[in-house]
Ligand code: URA
């Protein structure tokens, strides 16, 4: 049992102050009774709580899949730039949301946004060996030499050693598209790995984390709540490069 104001605020219904106003205005029901006092105790798992007649779908934590568009930053808030968290509107919006890892401002694709710190930690932990898959459009050929260099572990200019990574060609041409699989998340990692083999990344899109695929129905900028199964797909990671 928890205070009704705390439950409502935790579900992104509003700040404590806003929630208190809703309660005073008689807009909150628990079961079939109108609740006006902030310290009323409710069981969010067992009782139906409604705001303006609409049932609250109670979630301890929120897990969102976003197709991150270019031009927004992977941060929680920023005084000048739009962040991925700014893009989340009601009913999924709530306090404490943050992106799980970072995609560069000009990178598109699969991004998880949650308020569950333990989950984020497990997704990002290098020890878990979870592969992140990217589609990279580059400015020159991708052949055996590049594939071998990625497989053996790229070394950046500053001497940083990367773990073995997968590289394969998806589409050949003047600007080939390659599939890259990495199991760590160093700053600008994919771009720097291509720099190390004399290629420049022209466009980058993350399409998969572990076994979790970016929903093709989501256009850039769109997002939706993840299913329980999808939350776990992230950890059914393939171990081979
Ligand atoms: N590697 C990069 O270089 N950029 C990203 O956004 C993600 C991986």
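Taken together, the values in this text are just the output of simple stated rules run on the coordinates, not laboratory data. All values reported here derive from a predicted model rather than from experimental measurement. Glycine also receives a Cβ, built like all others from the backbone with ideal geometry; neighbour counts cover every protein chain displayed.
Dividing the alpha-carbon radius of gyration of segment 81-212 by 2.2 N^0.38 Å (N being the number of residues), what value is obtained?
Values: Rg = 15.8 Å, N = 132, 2.2 N^0.38 = 14.1 Å.
In units of the 2.2 N^0.38 Å rule of thumb, it is 1.12.
Just to be sure I understand the model, the point goes 7 Å from the Cα along the line to the Cβ. What's the resulting residue 57 to residue 198 distance in nm?
5.3
Using a Gaussian network model on the chain with a 10 Å cutoff between Cα atoms, which of 114, 48, 200 fluctuates the most?
48
Note down the nm distance, to one decimal, between modelled labels 7 Å out along Cα→Cβ at residue 229 and at residue 105.
3.9
Just for the chain, what percent of DSSP beta bridges are antiparallel, to the closest 5? All intermediate terms of the calculation are to be shown ahead of the outcome.
Values: 41 of 45 bridges.
Bridges in the chain are about 90 percent antiparallel.
Hull surface divided by four, with the convex hull built on the Cα atoms of the chain: how many nm²? Can you show the working numbers first?
On the way: hull surface 60.7 nm².
Mean shadow area of the hull around the Cα atoms is 15.2 nm².
Test of understanding: ordering 87, 65, 193, 1 by Cβ neighbours within 10 Å, fewest first, what list do you get? Kindly include the intermediate steps, with their values, before the conclusion.
Numbers: 87 17, 65 22, 193 25, 1 11.
Least to most surrounded, the residues fall as 1, 87, 65, 193.
Which stretch or stretches of segment 160-179 have amide N atoms under 18 Å from the point lying 7 Å from residue 152's Cα along the Cα→Cβ direction?
Output list for this probe position: 160-168.
For a quick check: sort 218, 97 by the number of other beta carbons within 10 angstrom, fewest at the front.
On the way: 218 16, 97 20.
Ranked by crowding around the Cβ, least crowded first: 218, 97.
For every helix of n ≥ 4 consecutive DSSP H residues, a contribution of -39,500 (n - 2.57) applies; sum these over the chain, divide by its total residues, and give [θ] at 222 nm rounded to the nearest 500 deg cm²/dmol.
That comes out to -5000 deg cm²/dmol.
Take the alpha carbon atoms of segment 2-55, find their radius of gyration, then divide it by 2.2 N^0.38 Å using N residues; give the quotient. The partial results should precede the final answer.
On the way: Rg = 9.5 Å, N = 54, 2.2 N^0.38 = 10.0 Å.
Normalised by 2.2 N^0.38 Å, the Cα Rg of segment 2-55 equals 0.94.
Measuring from centroid to centroid over Cα atoms, what is the spacing of segment 1-51 and segment 180-203 in Å?
48
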